[in-house]
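Notes for the one structure printed next.
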Amino acid sequence: MSANERPPGQQQTGLSAAGATADSAFLRACRREPVSHTPVWFMRQAGRSLPEYRKLREGIAMLDSCTRPDLVTEITLQPVRRHRVDAAVFYSDIVVPLMAIGIDLDIKPGVGPVVERPIRTRADLERLRPLDPDDVKYVTEAIGALVGELGATPLVGFAGAPFTLASYLIEGGPSRNHEHTKALMYGDPAFWAALLDRLADIATAFLKVQIEAGASAVQLFDSWAGALAPADYRRSVLPASSKVFAAVAGYGVPRIHYGVGTGELLGLLGEAGADVVGVDWRVPLDEAARRVGPGKALQGNLDPAVLFAPRAAVEAKADEVLEAARGLEGHIFNLGHGVLPSTDPDALTRLVEYVHTQSASRAPSVKV
Ligand SMILES: Cc1c2[nH]c(c1CCC(=O)O)Cc1[nH]c(c(CCC(=O)O)c1C)Cc1[nH]c(c(CCC(=O)O)c1C)Cc1[nH]c(c(C)c1CCC(=O)O)C2
């Protein structure tokens, strides 16, 4: 993609690349500054919905692809070129730092991360050694290349939050009820705290590598935190996630916090130290803003399944999201969860264009 292919309002002016990135609609919205249009990106915008991704990945395992900077760069750029989204999201996975410290795991297509030997005892904890930047040199290298290619388009780095990582490690794979995880959380608080603390340090190290290599924002994915009641989240999870946010605060890059089904936790997700709270489709953004409180931007929240409906219905639902976001200080348009693999990529491209056009006509006359 070349810099002059940006949507209206995002053209590079005389600014340096770094200056133009800092002034992008995405980063301005994260900072709750006025924008000329609502910025859009999609969780899982890179991946199986794109034929060019499927082609590139042929015969290459997911986790292997994450260690190859040439592939990571190309896969990260694919949705930016195709959809003209306002941010790139680094192509990697929440389990990459765990793989990098030697945890024996794999990502099974259609299933998700599977851990050969789950972590359930104090002795197992020793296998969770700290992440050294040298363990993920391929991340530093890929981001270095990407930032050059992206021009003014910001790159979102990310990590899995301690609870979500703990769930994969303890259950040994994806879980509906998180029963082993909760058994340890309620039954052995000292073990639990030690585990989450180690995972907080690993997530922090992974985010720092990405920020130092050039990521302009970071998102902490606590995808499965919605399985918890607020009191349990506050007591058993929030301290570890807060530690991650505090550890990267000094970089000054926006910090986004997101989980699925977290309607009852939105205030706590903000309280953990995020600048932007990600919202799924179950809570309208105006209500989410009340729950989160002042001083935070919101990201979301179109139901990813809406993209399977006819174009007029997608646009009507996008209008609802924009309408609920009217009056918010900072709104980044996204889906309420990741792009579903069988989504028509053209529907995503049209949605980006629609949100840009609609929001530009609604926006106050502030030009960025
Ligand atoms: C829970 C979680 C995981 N990984 C991630 C989360 C948090 C976000 C969420 O809640 O969805 C985060 C993630 N995973 C991936 C990204 C890359 C960037 C992007 O969003 O485009 C990101 C941000 C690539 C990926 N991660 C994965 C794929 C698909 C692998 C493939 O193409 O074969 C991609 C593109 C695999 C993966 N990895 C994981 C799952 C559940 C799966 C899906 C398994 C499947 O359905 O096949 C764990």
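The values are calculated or read from the model by the stated rules, or taken from the named source; none is laboratory data. None of the values given here were measured: they were computed from a predicted structure. Surface areas here come from the heavy atoms of the whole protein model, side chains and all, with no ligands, DNA or RNA. Shrake-Rupley method; radii C 1.70, N 1.55, O 1.52, S 1.80 Å.
Of interest is the spacing of the C-alpha centroids, which for the stretch 252-278 and the stretch 72-91 amounts to 23 Å. Listed by chain and number, the aspartates and glutamates whose C-alpha is less than 13 Å from the C-alpha of LYS55, apart from same-chain residues fewer than 8 away, are GLU74. When all protein chains stay in place and ligands, DNA and RNA are ignored, the 1.4 Å accessible-area order of ARG176, ARG311, largest first, is ARG176, ARG311. Taking every alpha-carbon pair within the chain, the share separated by more than 36 Å comes to 16 percent.
Summed over qualifying helices (DSSP H, 4 residues or more, each -39500 (n - 2.57)) and divided by its residue number, the chain shows a 222 nm mean residue ellipticity of -13500 deg cm²/dmol. Surface calculation, 1.4 Å probe, protein heavy atoms: ARG48 sits at approximately 120 Å² accessible. Surface exposure of the chain, expressed per residue as accessible area with a 1.4 Å probe, stands at 39 Å². Per the Cα gyration tensor, the stretch 42-123 maps to an equivalent ellipsoid with semi-axes of 27, 13, 11 Å, ordered largest to smallest. Using a probe radius of 1.4 angstrom, the carbon and sulfur fraction of the accessible surface of the chain is 52%. For MET43, the solvent-accessible surface with a 1.4 Å probe is about 10 Å², rounded to the nearest 10. Within the assembled protein chains, the solvent-accessible surface assigned to TRP41 is about 0 Å², based on a 1.4 Å probe. Measuring against 31 Å, Cα to Cα, the residue pairs LYS108/LYS208; LYS243/LYS317; LYS137/LYS317; LYS182/LYS208 contain LYS243/LYS317; LYS137/LYS317 as the ones spanning a longer distance. Per residue, the convex hull spanned by the alpha carbons of the stretch 152-302 comes to 113 Å³. Note on exposure: ARG255, ARG120 ranked by accessible area (1.4 Å probe, complete protein assembly) read ARG120, ARG255, with the most exposed listed first. Taken over the stretch 228-277, the percentage of Cα pairs per 10 Å bin, counting from 0 up to the bin with the maximum distance, is 27, 57, 16, 0.
The stretch 17-32 and the stretch 291-334 have their alpha-carbon centroids 20 Å apart.
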